[in-house]
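**Student:** Handing you a structure now.
Quick note: the coordinates plus some simple rules give every number you see, no bench work behind them. All figures in this text were calculated on a predicted structure; none of them were measured in a lab. Every residue, glycine among them, receives a Cβ derived from its backbone with ideal geometry; neighbour counts consider all protein chains shown.
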Amino acid sequence: MATGYLQVELYNQGQASPVIGGKVVISKNGEILYELFTNDSGQTETVSLEAPPIEYSINENEPQPYGTYDITVTADGYKDVIINGVQIFADRTALQKVIMTTGEGQVVINVPPPVLWGDYPEKEPEDEVKEIPEETGFVVLDRIVIPEYIVVKDGVPSGGGQVYYVPYKDYIKNVASSEIYSTWSDAAIRANILAIQSFVLNRVFTEW
């Protein structure tokens, strides 16, 4: 086995301010590995965790290329947060950002496998030539502008689903981390992130 690393960051949902003194428990298969507390910046110390060899994420037809761990976060005045399936790759540091909401109860998040490893349905086919959308009364920009937020629908385009407003940077990071591996070369990562941004901005600019 190889070694990967994990740091957890806690933030207040409404103010984006760090949550100080939050307790973070890292476990695997019910066994507690670390009990940590966040500092004045809302961050835990970086800890080492076992991960499969880095070759598993670079070569084809290899076993699962990442290790999975569970995180339980508690802090006074906030709902507990449980994140199952946090992915750890060899020789890389995973930064797990946790948004804390005030109140009682708990929030459970199950991290799905990345696209390269999980079994997902094929993307819905789209027409190569689309009809021009009706005018909405908004100003059509003559240049590409990076939006502050991306509107994300939790579901297939033809079905229902909750709609979320996600900061652009967070959206790009989330898509990249679910579609490629952090162990790839710098050039490969940059190329994929540029392709992701190109696709997203095309959607925004054409309103498709």
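**Student:** Rank these for me by crowding, E126, E9, E55, going from fewest to most other beta carbons within 10 Å.
**Tutor:** Ranking E126, E9, E55 by Cβ neighbours within 10 Å, fewest first, gives E126, E55, E9.
**Student:** Further question on the same structure: Just the number, please: percent antiparallel of the DSSP beta bridges in the chain, rounded to the nearest 5.
**Tutor:** Expressed as a percentage, antiparallel bridges in the chain total about 70.
**Student:** Quick check on the chain: helices-only [θ] at 222 nm, where DSSP H runs of length 4 and up contribute -39,500 (n - 2.57) each and the sum goes over total residues. Nearest 500, please.
**Tutor:** -5500 deg cm²/dmol
**Student:** Can you give the relative contact order of the chain as a percent, counting alpha carbon pairs under 8 Å and 6+ residues apart?
**Tutor:** It comes to 18 percent, rounded to a whole number.
**Student:** With unit charges on the beta carbons (Lys and Arg positive, Asp and Glu negative) and the dipole taken about the Cα centre of segment 2-110, which residue among P53, A2, V19 sits farthest to the positive side?
**Tutor:** Farthest towards the positive pole: V19.
**Student:** Which one, F199, T44, G67, projects farthest toward the positive side of the charge dipole computed for the chain from Cβ point charges (K/R +1, D/E -1)?
**Tutor:** After comparing all options, I get T44.
**Student:** Among V175, V98, V151, which one shows the highest mean-square fluctuation when the chain is modelled as a Gaussian network with alpha-carbon springs under 10 Å?
**Tutor:** V151
**Student:** Hey, what did segment 2-110 get for relative contact order, percent, Cα under 8 Å, at least 6 apart?
**Tutor:** 34
**Student:** Counting other beta carbons within 10 Å of each residue's own, what order do S48, S182 fall into, fewest first?
**Tutor:** Going from least to most buried by this count: S48, S182.
**Student:** When the chain is treated as a GNM, springs tying every alpha-carbon pair under 10 Å, which of A188, A176, A94 comes out with the largest mean-square fluctuation?
**Tutor:** A188
**Student:** Okay, next question. Given the alpha-carbon gyration tensor of the chain, what are the semi-axes of its equivalent ellipsoid in whole angstrom, ordered largest first, with each equal to the square root of 5 times an eigenvalue?
**Tutor:** So the equivalent ellipsoid measures 33, 24, 16 Å along its semi-axes.
**Student:** So what's the angle, to the nearest 10 degrees on a 0 to 90 scale, between helix 168-179 and the longest Cα principal axis of the chain?
**Tutor:** Helix 168-179 and the main axis of the chain meet at about 70 degrees.
**Student:** Lys and Arg at +1, Asp and Glu at -1: add these up for the other residues within a Cβ distance under 10 Å of K97 and post the number.
**Tutor:** For residues surrounding K97, the net value is -1.
**Student:** By the scheme Lys and Arg +1, Asp and Glu -1, what is the net charge of all other residues having a beta-carbon under 15 Å from that of D76?
**Tutor:** Every neighbour counted, the sum reads 0.
**Student:** Which value, in debye to the nearest 20, gives the size of the charge dipole of the chain about its Cα centre, when Lys and Arg are +1 and Asp and Glu are -1 at the Cβ?
**Tutor:** Computed about the Cα centre, the dipole is about 440 debye.
**Student:** Hey, how much of the P(r) for segment 30-70 falls beyond 16 Å, as a percent of Cα pairs?
**Tutor:** In whole percent, the share of Cα-Cα pairs in segment 30-70 beyond 16 Å is 55.
**Student:** Select from N61, N39, N192 the residue whose mean-square fluctuation is largest in a Gaussian network model of the chain (Cα-Cα springs shorter than 10 Å).
**Tutor:** N61
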